[in-house]
1. What tally of residues in the stretch 79-108 results from selecting those that are open to solvent by less than 50 Å² (accessible area, probe 1.4 Å), over 14 Å from the mean Cα position of the chain (by Cα) and either among the basic types (Lys, Arg) or within 19 Å of residue 157 (Cα to Cα) (or both)?
2. Working only within the stretch 20-48, note down all residues that are at pLDDT 85 or above and either assigned to a helix (DSSP H, G or I) or aliphatic (A, V, I, L, M) (or both).
3. Sort out which residues of the stretch 118-175 are open to solvent by 60 Å² or more (accessible area, probe 1.4 Å), modelled with pLDDT of 90 or more and of a type in the set (A, V, I, L, M), and write them in order of number.
4. Does the stretch 49-77 hold any residues that are of a type in the set (Ser, Thr, Tyr), at pLDDT below 75 and surrounded by fewer than 17 Cβ atoms within 10 Å (Cβ to Cβ), and which are they?
Amino acid sequence: LVFDGVDDFTDITATTNTFSADFSVSGWYYPTINTGGHRVLFETDGYRQATGGISIYQFNNYFRIWRSNHPSPASYTELITTSAGTAGLNQWKQFVLTRSSGTLTFYLNLVSSGTYSTDTKDYYAGNLTRKYNLGGGRNQFFYNGKIAQLSVYNKALNPQEIQQNYNATKGRFGL
């Protein structure tokens, strides 16, 4: 999918309770801009509604993983921030976010780029619409670039599975 950074996004409707326990979100991205603030790769709809959810943002040339808390009042907590320069520009990279036994880990091209421990949030509870947003936050934070091969798992992928998926798909992205 190609996103122009102006007003494009995609809603994905879920059929199962993916984000209440261990989970993984993985995909490939190709940023065509790394300035201008927040750009959403993936988020649960509950994040935008501040009813409980999680979001993966490209912020300039690095990534931030945030969660919204519910019930009211709405508040947001930054869980992981990657190092400057990790987002890249005009090249394909694999991203994977996993939660295993209360620890979130964010991977870029197989490398662990940040962790957050003691995470007990049910990211699905507030996502009553069962939608996930790809490439934008409904009316703001639109991604500029390409996103491909998005997968959502109801389990935490281990490093070997992440490596296997990377090796199986990297040729499609010129790697």
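1. 2
2. If the condition is that a residue be at pLDDT 85 or above and either assigned to a helix (DSSP H, G or I) or aliphatic (A, V, I, L, M) (or both), then 25, 33, 40, 41 are the ones that fit.
3. Those that are open to solvent by 60 Å² or more (accessible area, probe 1.4 Å), modelled with pLDDT of 90 or more and of a type in the set (A, V, I, L, M): 168, 175.
4. 72, 75
The values are calculated or read from the model by the stated rules, or taken from the named source; none is laboratory data. These numbers come from a predicted model, not from an experiment. Reconstructed Cβ throughout: ideal geometry from the backbone, glycine too, with neighbour counts over all protein chains shown. Accessible surface areas use protein heavy atoms only, side chains included; no ligands, DNA or RNA. Shrake-Rupley method; radii C 1.70, N 1.55, O 1.52, S 1.80 Å.
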